[in-house]
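Below is a structure I'd like to ask you about.
The values are calculated or read from the model by the stated rules, or taken from the named source; none is laboratory data. Predicted, not measured: the structure shown is a model, and the values here were computed from it. Counting neighbours? That spans all protein chains shown, and the Cβs are built from the backbone with ideal geometry, glycine included. Protein only, heavy atoms only, side chains kept; ligands, DNA and RNA dropped before computing areas. Shrake-Rupley method; radii C 1.70, N 1.55, O 1.52, S 1.80 Å.
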Amino acid sequence: MLYIGASPLHISTVVSMLSLAKPIEWVVPRLMRRFTDRKRMFTWCSMLELAFLVAAGPLALIMPDDWQLLVFIACYLLTAICMSISMAYWTSLIGDVIPREEHGTYFGNRQMVSFLAGFIALIVGGAVLEWMGETIGFGLLYLSSAVLLVVRLFILRKYPNPPFVQSMETSLLRMMRKPLADHAFMKMTAFLAGFMFIMYFAAAQLSYILLRVLAIDPFWVTIASAIAVGMQTIASSVWGRLTKKHPIRTLFLWTLLALTIVWLLFAGLMVLPALFLIMVIQVVSGVGLGGWRLFPLLYRLNAPHTERPAYSGMFNALTGMAGFSGGLLGGFVYDQTESIWIQSIGIPVTTGLVLLILTGVAHYAIPHLNRLEKEQADGRKLLRFLSKMEKRSNRNLTRIENALTRMERRIDALQGQV
């Protein structure tokens with residue numbers, strides 16, 4: 001976008017566009033009653049999503065200068081809308097295909113594979129732009145994307161397509177009342193929407209901070225992004241495997257802490273080289289984002305089987321609007337701010353401090369995934385308490401035994417004197 005003259009506000013608008021399109025998932029439960037073939041809808045919406053994304057760059061470049069940004073944003077908005085619909089269908093479909101007890105491991109490994117592909121694409125894309133220049137490089141990358149678009153169509157055709165069990169409710173309003181009546185789910189959703197609003201306030205400006213404020217070479221920005229994707233690749237698999245041993249709620253809280261540390265690390269710009277610190281930040285960011293993309297999905301998939309689309313739609317709509325609003329407000333603030341210190345350190349660190357406060361109270365808002373996990377967590381808490389009491393009792397017994405021993409020695413000494 002910088003190539004076609006985008007400002008911080010334009011960049012934050014596009015970055016937040018995926019969030020802006022999330023509210024459309026409110027109508028997907030109703031759409032599923034009319035178009036019940038989830039595999040077909042997911043496949044074609046995915047293809048349209050990629051088609052608009054691939055067309056965004058070339059269409060913008062052939063337009064007059066005054067229309068380039070508008071065309072790019074419009075294509076990206078259509079991409080985001082198609083992505084929201086396709087992901088709603090995919091979430092419902094894959095939740096039926098994968099056994100519930102395998103969700104954590106499967107989605108962790110799936111994210112690992114997808115992030116690995118993204119990692120390779122970033123490295124190759126950065127190298128192409130570095131060696132061939134922006135004009136030829138972007139053209140070659142968009143041409144490659146068009147070829148992969150056709151390849152993806154054949155891959156998606158191999159997806160399984162189990163029967164769709166519809167909700168008993170026929171009205172969209174009644175469908176949406178189900179998640180609204182689930183107080184634990186709505187409390188978590190409201191909290192994560194607030195967290196996302198604050199995080200996107202700075203996150204949507206990250207590319208602007210790196211390229212324009214800190215003046216880091218685009219090649220190194222690409223390398224840093226590749227490092228983040230590489231860490232997401234590793235972290236996704238690790239987070240997924242950890243769900244077998246630890247409560248998902250606990251892992252989710254650690255994820256929020258990692259995302260908070262990302263923005264606090266910007267304070268290091270006062271004493272450390274920018275390029276080195278950005279690499280460290282991207283490593284921590286990759287760890288946090290690996291969990292951020294996994295755990296909310298597991299909570300949505302844990303919803304009642306027939307109401308899963310409504311739960312997913314409610315969650316994505318609220319968090320999506322929050323993310324877009326935060327990114328848009330952040331872009332406006334950056335557009336009005338000229339101080340390099342405020343843009344590179346002040347705003348990111350302030351964002352981190354606010355997120356730190358939210359992370360501190362997150363355990364009040366995020367429930368355990370299910371009753372079994374809560375019982376297991378309560379059991380572990382009871383065991384820790386009993387272990388602590390046992391150690392305390394042992395220490396007291398040791399003190400009593402030592403006191404008795406000293407008393408016996410004193411009595412023996414007195415008897416000797418007599």
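Enter the accessible area of Met63 (Å², nearest 10), with the probe set to 1.4 Å and all protein chains included.
Looks like 70 Å² after rounding.
Go ahead and run the numbers for FRET between Met270 and Gln336, Cβ-Cβ distance against an R0 of 25 Å, rounding to 0.05.
Details: r = 23 Å, r/R0 = 0.94.
FRET efficiency, Met270 to Gln336: 0.60.
Rounded to the nearest 20 Debye, what is the dipole magnitude of region 20-74 about its Cα centre when Lys and Arg each give +1 and Asp and Glu each give -1 at the C-beta?
600 debye
Taking the chain as the reference, fit the longest principal axis to its C-alpha atoms, fit the long axis of helix 103-132 to the helix C-alpha atoms, and give the angle between the two in degrees, 0 to 90, nearest 10.
50 degrees
Right, another one. Mind ranking Leu269, Leu18 by accessible surface for me, highest first, 1.4 Å probe?
Most to least solvent-accessible, the answer reads Leu18, Leu269.
How big is the accessible area of Asp37 in square angstrom, nearest 10, if you roll a 1.4 angstrom probe over the protein chains?
Accessible area of Asp37: about 60 Å².
Can you pull the accessible area of Met270 for me, 1.4 Å probe, Å² to the nearest 10?
That residue has around 120 Å² of solvent-accessible surface.
Here's another thing I want to ask about it. Tabulate in residue order the Karplus-calculated ³J(HN,Hα) for region 344-351, using 6.51 cos²θ - 1.76 cosθ + 1.60 with θ = phi - 60°, rounded to whole Hz; enter x for Gly and Pro.
So the Karplus estimates, Gly and Pro as x, are 8, 10, x, 5, x, 5, 4, 4 Hz.
Counting only heavy atoms of protein chains, what accessible area per residue, in Å², does region 285-368 have with a probe of 1.4 Å?
Each residue of region 285-368 exposes 36 Å² on average to a 1.4 Å probe.
Sort 28-36, 260-268 by the packing proxy (mean of other Cβ within 10 Å over each peptide's residues), most packed first.
260-268, 28-36
A further question on this structure: Go through 212-222, 227-237, 395-405 and give me the packing order, highest mean Cβ count within 10 Å leading.
So the order, starting with the most tightly packed, is 227-237, 212-222, 395-405.
Could you work out what % of the accessible surface of region 261-418 is carbon and sulfur, using a 1.4 angstrom probe and leaving DNA, RNA and ligands out of the count?
64 percent
A further question follows. Tally Lys and Arg at +1 and Asp and Glu at -1 over the other residues with C-beta under 9 Å from the C-beta of Ser312: what net charge comes out? Present the calculation step by step, with values, prior to reporting the outcome.
Values: positive: Arg300, Arg308; negative: Glu25.
With Lys, Arg at +1 and Asp, Glu at -1, the neighbours total +1.
Name the shape class, rounded, prolate or oblate, that the alpha-carbon gyration tensor gives for region 116-228, where a ≥ b ≥ c are the square roots of its eigenvalues, rounded holds for a/c under 1.5, and otherwise prolate holds if a/b is larger than b/c and oblate otherwise.
Judged from the Cα gyration tensor, region 116-228 comes out oblate (a/c at least 1.5, b/c at or above a/b).
Taking the Cα centre of the chain as origin and charging only Cβ (+1 Lys, Arg; -1 Asp, Glu), how large is the dipole, in debye to the nearest 20?
1980 debye
OK, next. Work out from phi, with θ = phi - 60° and the Karplus expression 6.51 cos²θ - 1.76 cosθ + 1.60, the ³J(HN,Hα) of each residue of region 174-189, listed in order in whole Hz, and give x for Gly and Pro.
Once θ is set to phi - 60°, the couplings for region 174-189 become 5, 4, 6, 5, 4, x, 5, 7, 8, 5, 5, 5, 5, 5, 5, 5 Hz.
Between Lys388 and Asp66, what is the label-point separation in nm under the 7 Å Cα-to-beta-carbon projection?
6.9 nm
Next question. Determine the calculated [θ] at 222 nm for the chain from helices alone, applying -39500 (n - 2.57) to every DSSP H run no shorter than 4 residues and normalising by the residue count; nearest 500 deg cm²/dmol.
Rounded to the nearest 500, it is -26500 deg cm²/dmol.
Between the helical axis of 65-97 and the dominant principal axis of the chain, each derived from Cα atoms, what acute angle in degrees is found, rounded to the nearest 10?
For 65-97 against the chain, the angle is about 50 degrees.
If packing is taken as the mean number of other Cβ atoms within 10 Å per residue, what is the order of 338-345, 158-165, 91-98, 353-360, highest first?
91-98, 353-360, 338-345, 158-165
Carbon and sulfur atoms: what percent of the 1.4 Å accessible area of region 169-214 do they account for?
Summing carbon and sulfur atoms, their accessible area is 61 percent of the total for region 169-214.
Moving to a separate point now. Probe radius 1.4 Å, ligands and nucleic acids ignored: give me the carbon and sulfur share of the accessible area of region 27-158 as a rounded percent.
72 percent
Apply the Karplus curve 6.51 cos²θ - 1.76 cosθ + 1.60, θ = phi - 60°, to the phi angles in region 145-155 and return the couplings in whole Hz, x for Gly and Pro.
5, 5, 5, 5, 4, 5, 4, 5, 4, 5, 5
Sticking with this one: Which whole-number value in Å² is the accessible area per residue of region 44-105, probe 1.4 Å?
Working: 2780 Å² over 62 residues.
On a per-residue basis, region 44-105 sits at 45 Å².
Report the full-extension gain for the segment Arg152 to Ile357: residue separation times 0.36 nm, less the Cα-Cα distance, to one decimal in nm.
Once the chain is fully extended between Arg152 and Ile357, it gains 69.5 nm.
Could you provide, to the nearest whole Å², the per residue accessible area of region 175-281 with probe 1.4 Å?
Counting only protein heavy atoms, the per-residue value for region 175-281 is 42 Å².
Report the relative contact order of the chain, percent, no decimals, based on alpha-carbon pairs under 8 angstrom and at least 6 residues apart.
28 percent.
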